[in-house]
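The values are calculated or read from the model by the stated rules, or taken from the named source; none is laboratory data. In this text, all values refer to a predicted model and were calculated from it rather than measured experimentally. Methodologically, a virtual Cβ is constructed for each residue, glycine included, from the backbone with ideal geometry; neighbour enumeration extends over all protein chains shown. These area figures cover heavy atoms from the full protein model, side chains too; ligands, DNA and RNA do not enter into them. Shrake-Rupley method; radii C 1.70, N 1.55, O 1.52, S 1.80 Å.
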Amino acid sequence: MGGTKASEQVSLEAKNPFELRVNLGTGVSESAVKKALTTGDMGFLHSFTTGSAVDGPGVRVVAWTAGCQFRCLYCHNPDTWNMMNGMPVTLDRAIEVIRNYRHGLRVMSGGFTLSGGEPLMQDRFAVRLFKATKELGVHTALDTNGYLGERLSDAELEQIDLVLLDIKTWDPERHLHLTAKPVGPTLDFARRLAQRGNKIWLRYVLVPGLTDDEDDIHQIADFAAGLGNVERVDVLPFHQMGRYKWERLTMNYTLDDVKPPTHELVERVCGQFRAVGLKAY
Ligand code: SF4
C-alpha cells in the first residue's frame, strides 16, 4: 500500500484532502481509542486545510476527520473510511489550530468546518471542538451525511451555526446501492434540523448515470423546499481526483469510465432545485 506511512513525519496541515494518508493512528491502543470516542479528548484527523471557499460561508479552516460508515461508490477520500488512518490529535491541539486562525477567519467572514469522512463517527470530539470554536467567536459548520445526527442533543446543535448536509440520492434502493446504508436517518436528521430552525446548505454530488435521475432529484428538491431551512443547494460535479486513492488502497473502483457531468447536466439539475424556489449553484 502506498501513501503516507505512520513512521514518516506527517504534518497536521495538508494542502488539500486529496493527499493519501493511511495508518497514522495504528499505534494507538484499543482502550485509548475507546476512551477518545467516549470523552472526545482526542480525535483522529486526516488533516487540517486552510483557505477553502467551498465548505461554508467565507474563507474556512477545515478539519477532515477519519472514519465513515458510508461506502459511497464515488467517494473521493476512501482513506478516510478507516478511523485508524487518521492522525491522533488532542482536543487542545485542534483548538489551538483554530485559535491561530481566528482573527483572519473573522475578518474574512469565514469560519471553521468539520468535515470528513463522517465527523459524527467521533461525535464527542466534534461537540467539544465546536463548543470551543464558538467560544473563540468563530462561525461553525458541520459537513455530514446526517446518518448519525441523533447522536447530537438539541443543546449540542446550538453550537453549530450551519449544517452542510449531503443527501446522496432519494430512492431507498439506489441509496443502499450507492452508500451501503439506508437513506432514512439522513432524512430524519434533515426534518429535525428544520423543526429546530437550524440552517442547512444541501450538498448533492452529481454523478452521470448514478445520481442524475430526474425523478430522484425532483423528489429531493421537493423535500428540501418543504423543509423551509435550506438556504442553498450546492451541486457538486463528480470528478476523478480521488481515483488514484482507490488504486493505491487496492480497492475495487467501479467508476473508471464515468466522466464528469457536462455543463448542460449541471444546469439541468440546478434548474430542478431552482424550480422549487431554492438557490442552487
Ligand atoms: S459519506 Fe463522504 S466520506 Fe463517507 S463514503 Fe460517502 S463520500 Fe466518502
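Does at least one position in region 43-66 carry a residue that is over 30 Å from Pro260 (Cβ atoms), away from the ligand (no atom under 14 Å from the Cβ) and open to solvent by less than 10 Å² (accessible area, probe 1.4 Å)?
At the first step, the residues of region 43-66 found to be over 30 Å from Pro260 (Cβ atoms) are 43-44.
Then drop every residue that is not away from the ligand (no atom under 14 Å from the Cβ), which leaves 43.
Of the ones still in play, those that are also open to solvent by less than 10 Å² (accessible area, probe 1.4 Å) are 43.
Yes, some residue in region 43-66 is over 30 Å from Pro260 (Cβ atoms), away from the ligand (no atom under 14 Å from the Cβ) and open to solvent by less than 10 Å² (accessible area, probe 1.4 Å).
Restricting to region 146-172, and then to whatever is under 18 Å from Ala63 (Cα atoms) and acidic (Asp, Glu), can you tell me which residue is surrounded by the most Cβ atoms within 10 Å (Cβ to Cβ)? If we take residues in region 146-172 being under 18 Å from Ala63 (Cα atoms) and acidic (Asp, Glu), then Asp166 is surrounded by the most Cβ atoms within 10 Å (Cβ to Cβ).
Taking Val28, is it away from the ligand (no atom under 16 Å from the Cβ), buried (at least 24 other Cβ atoms within 10 Å of the Cβ) and β-branched (Val, Ile, Thr)? So Val28 fails the test.
For region 103-120, what are the residues that are in contact (Cβ under 8 Å) with a residue 40 or more places away in the chain and not aliphatic (A, V, I, L, M)? Even if it seems obvious, please write down each step before you answer.
The first filter runs over region 103-120 and keeps only residues in contact (Cβ under 8 Å) with a residue 40 or more places away in the chain, leaving 104-105, 108-119.
Those that are in contact (Cβ under 8 Å) with a residue 40 or more places away in the chain and not aliphatic (A, V, I, L, M): Gly104, Ser109, Gly110, Gly111, Phe112, Thr113, Ser115, Gly116, Gly117, Glu118, Pro119.
Selection within region 234-279: residues that are of a type in the set (Phe, Trp, Tyr) and within 15 Å of Thr211 (Cα to Cα). The member of this set that is surrounded by the most Cβ atoms within 10 Å (Cβ to Cβ) is Phe273. Of all residues in region 205-253, those satisfying the criterion of being within 16 Å of the ligand (Cβ to nearest atom), in a helix (DSSP H, G or I) and among the aromatic types (Phe, Trp, Tyr) are Tyr244, Trp246.
Looking across region 71-86 at every residue that is open to solvent by 20 Å² or more (accessible area, probe 1.4 Å) and either within 18 Å of Ala53 (Cβ to Cβ) or among the hydrophobic types (A, V, I, L, M, F, W, C) (or both), the one that is farthest from the ligand (Cβ to nearest atom) is identified as Met84.
Residue-wise test of (1) within 16 Å of the ligand (Cβ to nearest atom); (2) farther than 23 Å from Gly67 by Cα; (3) surrounded by 24 or more Cβ atoms within 10 Å (Cβ to Cβ).
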| residue | (1), (2), (3) |
| --- | --- |
| Leu114 | yes, no, yes |
| Pro119 | yes, no, yes |
| Gln122 | yes, no, yes |
| Ala126 | yes, no, yes |
| Phe130 | no, no, yes |
| Lys134 | no, yes, no |
| Gly137 | no, yes, no |
| Thr144 | yes, no, yes |
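Scanning region 173-186 for residues that are open to solvent by 30 Å² or more (accessible area, probe 1.4 Å) and near the ligand (Cβ under 10 Å from one of its atoms) returns Ala180, Lys181. Looking only at region 45-58, residues that are touching a residue at least 24 places away in the same chain (Cβ under 8 Å) and out of contact with any strand residue (DSSP E or B) (no Cβ under 6 Å at 6 or more places or on another chain) come to 3 in all. With respect to (1) closer than 19 Å to Thr49 by Cα; (2) within 15 Å of the ligand (Cβ to nearest atom); (3) of a type outside the set (A, V, I, L, M, F, W, C), the lone exception for His103 is condition (2). Every test in (1) open to solvent by 30 Å² or more (accessible area, probe 1.4 Å); (2) under 21 Å from the mean Cα position of the chain (by Cα) is passed by Tyr204 save one, and that test is (1).
Quick grid of which residues meet (1) in contact with a Phe, Trp or Tyr (Cβ under 6 Å, 6 or more places away or on another chain); (2) in contact (Cβ under 8 Å) with a residue 12 or more places away in the chain; (3) small (Gly, Ala, Ser):
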site: Gly209; (1), (2), (3): no, yes, yes
site: Asp216; (1), (2), (3): yes, yes, no
site: Pro237; (1), (2), (3): no, yes, no
site: Lys245; (1), (2), (3): no, yes, no
site: Leu249; (1), (2), (3): no, yes, no
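Looking across region 203-247 at every residue that is basic (Lys, Arg) and out of contact with any Pro (no Cβ under 7 Å at 6 or more places or on another chain), the one that is farthest from Asp257 (Cα to Cα) is identified as Arg232.
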